[in-house]
Amino acid sequence: MDYTANQSGFRQRKLQPNMRPRNRPADGSDKSQLFEDTSGVGQRSQAGIRNQPVDPQGFSGESILSSPMSNLAMAYGSSLATQGREMVDKNLDRFIPISKMKYYFAVDTVYVGKKLGLLVFPYMHKDWEVSYQQDTPVAPRFDVNAPDLYIPTMGFITYVLVAGLALGTQNRFSPELLGVQASSAFVWLIMEVLAVLLSLYLVTINTDLTTIDLLAFSGYKYVGMIVGVVAGLLFGKSAYYLSLLWCCAAIYVFMIRTLRLKLLSEAAAEGQLVRGARNQLRMYLTMTIAAAQPVFMYWLTYHLVR
């Protein structure tokens, strides 16, 4: 090694051209740096990725959706969904014509007011025939004699609420008891409709009554039940019996005059009762259905008023 002497008398080692002191950058700058700067590497890699050419034949979402196989699968799935919906609608229409439900809810305020008055005071009403237009019954809002499901549905809900109010005034309210009250009323309604359908089948009566018509006629009794319970809550047990008796007589007359046109079609066409065993059997069935309404009205309300 080469050594040079300075003025102080000490020798100093002479650095070679290809060597550099520790912690000194190679470019000759004097700034000290603890870590190596790698930011430029990432930018260069991203720039390289952006500059790479895109394969026009690569897979993408649009290419998959536009392929013939995917279009065929979508068409097949749509056809299966349509067939399933048609099958469900066809099977449901055997028992309950869902497609005709709009007819039974086609009501307005005027119809509801007239129908409620007819259910409470049916004695002065003369014309009980349902109006038709081109062999199709008109909507309930145009004919007060047409059956509907709005009043029975709202009557059932109101009856459950009034029953809860009556139980609450007697300190007997509980969610379980209210649920039992609602479920028992619904079960009795279904059993009543099934019994009428079975009776019509056994007697072999040809009528245009449907299951929904029977639900509507059987559900009209909730109006009288509500009147009786409310009267009992406001004025006592005597008012309950008097109002319920009036409503029972009204629903009996209403059912007789309505169902006799449906069940006694032959006699109604001639304007008088036709003698014969078959017509007498139909008349007995009509009276039985009408007489069952007051029984259910009392059975479902007597324990609510004390």
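Structural remarks
- Computed FRET value (nearest 0.05) for L194 with T169, which takes r as the C-beta separation and R₀ as 41 Å: 0.75
- Positive minus negative residues near D108 (Lys, Arg vs Asp, Glu; Cβ under 13 Å): +1
- Against the criterion of solvent-accessible heavy-atom surface with a 1.4 angstrom probe, W299, W188 sort, most first, into W299, W188.
- Environment charge at V120 (Cβ cut-off 15 Å; Lys +1, Arg +1, Asp -1, Glu -1): +4
- Once the convex hull of all Cα atoms in region 94-153 is built, its volume per residue stands at 104 Å³.
- Theoretical FRET efficiency, 1/(1+(r/R0)^6), r = Cβ-Cβ of T109 and Q83, R0 30 Å, to 0.05: 0.10
- ³J(HN,Hα) computed for each position of region 194-201 - Karplus, 6.51 cos²θ - 1.76 cosθ + 1.60, integer Hz, glycine/proline x: 5, 5, 5, 4, 5, 5, 5, 5
- Positive minus negative residues near P140 (Lys, Arg vs Asp, Glu; Cβ under 14 Å): +1
- The heavy atoms of E176 present about 130 square angstrom of accessible area, all protein chains included, probe 1.4 Å.
- Rounded accessible area of S184 (nearest 10 Å², 1.4 Å probe): 40
- Relative to the current alpha-carbon distance between L177 and L72, full extension at 0.36 nm per residue lengthens the span by 32.2 nm.
- Backbone phi angles across region 171-184, fed through the Karplus curve with coefficients 6.51, -1.76 and 1.60 (θ = phi - 60°), yield HN-Hα couplings of 6, 10, 6, 7, x, 5, 5, 5, x, 5, 5, 5, 5, 5 Hz in residue order; Gly and Pro are listed as x.
- Computed over region 96-214, Kirkwood Rh from alpha-carbon pairs, angstrom: 16.8
- Simple spin-label estimate for T210 and M101 in nanometres, 7 Å along Cα-Cβ: 1.2
- Taking 0.36 nm per residue of separation and subtracting the Cα-Cα distance, full extension of the segment from L202 to H125 would add 24.5 nm.
- Kirkwood radius for region 158-306, taken over all pairs of different Cα atoms as the inverse mean of 1/r, rounds to 16.6 Å.
- Here region 106-186 is treated with +1 on each Lys and Arg Cβ and -1 on each Asp and Glu Cβ, and its dipole about the Cα centre works out to around 300 debye.
- If the chain linking Q133 and F235 were pulled fully straight, counting 0.36 nm for each residue of separation and taking away their Cα-Cα distance, it would gain 32.1 nm.
The values are calculated or read from the model by the stated rules, or taken from the named source; none is laboratory data. The shown structure was predicted, so the numbers you read here are calculated from the model rather than taken from an experiment. Counting neighbours? That spans all protein chains shown, and the Cβs are built from the backbone with ideal geometry, glycine included. We work out accessible area using only protein heavy atoms, side chains counted, and drop any ligands, DNA or RNA first. Shrake-Rupley method; radii C 1.70, N 1.55, O 1.52, S 1.80 Å.
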